[in-house]
Amino acid sequence: MPLISQPFSWSDHSFILLRDLIHERIGIYYDTNHLDLLADKLSERLISCALESFLDYYYLLKYDESAQQEWKQVMDLLSVPETFFWREMDQVRAVVDILVPQYFSGSRVHPLRIWSAACATGEEPLTIAIALQEAGWLDRVEIEIYASDGSGRSIEVAKQGLYRSRSFRNLPPALQLKYFHKEGDCWRIQPELHRQIHWKTANLMVESEIKQLAKADIIFCRNVFIYFSESSIKKTLNLFAGLMPNPGYLCVAASESLLKLTNIFKLQEIGGAFIYVKQENLEN
Ligand SMILES: C[S@@+](CC[C@H](N)C(=O)[O-])C[C@H]1O[C@@H](n2cnc3c(N)ncnc32)[C@H](O)[C@@H]1O
């Protein structure tokens, strides 16, 4: 059932064209049971752009000179930036306790690179930074932390470093007091820690946007594949695998099994956490 009464008709073939165009461009897929939700979200753009139908919007996104700008609006609209500090910590602990010492005990050619690939408003990369700082790594070795999201609006929030109480539902209070200070109704992350992170807007489906980022030794790409189709996930995994060094480690959320989707990444238990490890010279 539609969430609000739809001012635009979405039950014809042109809406499917639009759905498929969005899927191809940003990976997010709305199946037939959720088309009303998509129509609901996009209706406000039709109103803002003074368009009369979803077919007009399809043409705008595909051919208009303003398409580039409009895609940013689509990404912001369809983004679900739900996230919080200290989420699914097993993988972060395994990185801090096992993968970081392993990396720095071997011969290495560059700083360790960690990329939070759909970081929403930044709680995930800041969690990684806090955990690394708590273990004393950030002062001792060279670690670069990159964080990106397809939604420019979320990255702007992340760059401000100011968080509301709902982001702290899982963070131990002692760490909140140690790394944040209260500012009005919000809490500001310690500037030195915030500066450790390189923030970018990048669409996971566009190779040129993630080319540099995906050279990371460790990629966190959590709670985004749940919105992707299988083909979008495979495309993203192929891009990652082609760009990551060996060994390369990929953390996805516990609910996002890749077992049926890839041969390139094999699931391994590392320090009590499940992490996908890139296999050398394999193709999907
Ligand atoms: C639920 S949040 C996940 C945040 C964080 N990784 C976590 O696990 O807490 C999903 C994020 O994926 C982003 N996203 C969706 N499609 C994307 C794409 N094609 N490229 C980059 N980010 C995308 C959304 O903008 C949203 O911020």
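The values are calculated or read from the model by the stated rules, or taken from the named source; none is laboratory data. Computed from a predicted structure; not experimentally measured. We place every Cβ from the backbone using ideal geometry, glycine too, and count neighbours over all the protein chains shown. Ligands, DNA and RNA are stripped out before the accessible areas are found, and what is left, the full protein with its side chains, is counted by its heavy atoms. Shrake-Rupley method; radii C 1.70, N 1.55, O 1.52, S 1.80 Å.
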Exercise for the section: Would you check which residues across region 237-284 are touching an Asp or Glu at 6+ places or on another chain (Cβ under 6 Å) and β-branched (Val, Ile, Thr) and list them? Expected result: none
Practice task
Give region 123-151 a look and list any residue that's of a type in the set (Asp, Glu), under 19 Å from the mean Cα position of the chain (by Cα) and open to solvent by 10 Å² or more (accessible area, probe 1.4 Å), or say none.
Solution key: Glu124, Glu144, Asp149
Practice task
Looking only at region 218-228, count how many residues are crowded, with 20+ Cβ neighbours inside 10 Å and either more than 8 Å from the ligand (Cβ to nearest atom) or among the β-branched types (Val, Ile, Thr) (or both).
Solution key: 4
Practice task
Working only within region 229-263, note down all residues that are surrounded by 15 or more Cβ atoms within 10 Å (Cβ to Cβ) and in contact with a His (Cβ under 9 Å, 6 or more places away or on another chain).
Solution key: Ser229, Ser232
Fill in the blank from the handout: Within region 152-162, residues away from the ligand (no atom under 15 Å from the Cβ), open to solvent by 10 Å² or more (accessible area, probe 1.4 Å) and either under 25 Å from Val96 (Cβ atoms) or free of Cβ contacts under 8 Å to residues at least 24 places away in the same chain (or both) come out as Gln160
Fill in the blank from the handout: Of the residues in region 65-122 that are within 15 Å of the chain's Cα centre (by Cα) and part of a strand (DSSP E or B), the one that is farthest from the ligand (Cβ to nearest atom) is Ile114
Handout entry: Enumeration of residues in region 12-49 that are in a helix (DSSP H, G or I), open to solvent by 10 Å² or more (accessible area, probe 1.4 Å), more than 24 Å from Ile226 (Cα to Cα) and not acidic (Asp, Glu)
Key = His13, Ser14, Arg45, Ile47, Ser48
Exercise for the section: With the condition kept exactly as written, say whether any residue in region 209-217 is within 13 Å of the ligand (Cβ to nearest atom), open to solvent by 50 Å² or more (accessible area, probe 1.4 Å) and either farther than 17 Å from Lys159 by Cβ or in contact (Cβ under 8 Å) with a residue 60 or more places away in the chain (or both). Expected result: yes
Problem - Sole residue being within 15 Å of the ligand (Cβ to nearest atom), within 18 Å of Ile210 (Cα to Cα) and of a type in the set (A, V, I, L, M, F, W, C), chosen from Ile128, Ile145 - result: Ile145
Exercise for the section: Among residues belonging to region 50-64 that are open to solvent by 40 Å² or more (accessible area, probe 1.4 Å) and within 30 Å of the chain's Cα centre (by Cα), point out the one that is nearest to Ser9 (Cα to Cα). Expected result: Leu55
Fill in the blank from the handout: Among Ile233, Ile210, Ile264, Ile226, the single one that is under 30 Å from Arg140 (Cβ atoms) and β-branched (Val, Ile, Thr) is Ile210
